[in-house]
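Read the figures in this text as sums done on the coordinates, not as results from a lab. Bear in mind the structure is a predicted one, so any value in this text is a computation, not a measurement. Note: ideal-geometry Cβ built from the backbone for every residue, glycine included; neighbour counts use all protein chains shown.
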Amino acid sequence: MMWRRTRRVPRPGMHCVIRGVATLEFMIAATLVLIPLVMAIFELAQLTVARHALEFTASEIARAQGAGDVDDPAAAPSETRLRLAAAVALSPLFPTFDAMTESDAGVARDRASAWPTPGYRVAVAQTSRADLFAVRVTDMTDAAYVDRMRSERIEILYCRETFFPPIDRMIVNLLWLSERDAFALACLARNRVPLRASATAVRAAFATMP
C-alpha cells in the first residue's frame, strides 16, 4: 500500500489572518516594550540636560557668592540674589512662550536692557520656592587663613519635574530606596526627581590703602 503526499491548499483568506496576527503581535510588543523604552530614553535625556544646567547654576551661584571682600560681611550676597542668579542659569530649561503684544515688543526693542523672557519668569517662580529649590552654604575655611580668605561649599538641590509616565514612577520608586535627605524625600513625595550640584566659592581679603 502506497501513501501519497498531498499538498494542503490554504483556505481563502488564510494569508489575511496570518498578517493580522503578526500585526497584533507587533502592536502588543510595541505597547509593552518599545513605547516604554522610548519614554525612558526621553525622560533620562531631559533629566541629564537638567543636571548639566544645574552644574552651571552651581558655578554661577559660587561666582556670586565669591564676590566682595571677606572682611566686609555686607559684601556677601543675600539668598534672594543667589536664587535670581540660579534663575538666569536655569531659564533655558523652560522654553515657554507667552503672547506679547506689539506695544510690548516695541518697548522691548527700545530698551537697552534685555527683555525678561518667559523662561526666565518661570525659572524665577521655581527658584523662589523653598520646596523646589534649596541653596546650602557650608564654611570650609581653614583657621589659619580665616583673616585672608574664606572658602565656602555651595550645594544646590532642585526638584525637577518628570514628563513621561509610567517611567517617572519607576525612577521615583528606585530613588526612594537610596535617598535619606529630607529635601530629596519631599521631592520624591511630589513625584519629582531631586537633582544636586555643588561648587566652591572663594572670597579673598582685599588690601586696604594706608
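Kindly write out, for segment 191-197 in residue order, the coupling ³J(HN,Hα) from the Karplus curve 6.51 cos²θ - 1.76 cosθ + 1.60 (θ = phi - 60°), rounded to whole Hz, with x marking Gly and Pro.
Here the 3J(HN,Hα) series is 6, 10, 9, x, 10, 10, 7 Hz.
Taking 7 Å along the Cα-to-C-beta vector as the label spot, tell me the Asn191-Val33 distance in nanometres, rounded to one decimal.
Using points 7 Å along Cα→Cβ, the separation is 2.8 nm.
Give me a comma-separated list of calculated 3J(HN,Hα) values for segment 33-50, in order, Karplus coefficients 6.51, -1.76, 1.60 applied at θ = phi - 60°, integers in Hz, x for any Gly or Pro.
Once rounded to whole Hz, the list reads 10, 5, 4, x, 5, 5, 5, 5, 5, 5, 5, 5, 5, 5, 5, 5, 4, 5.
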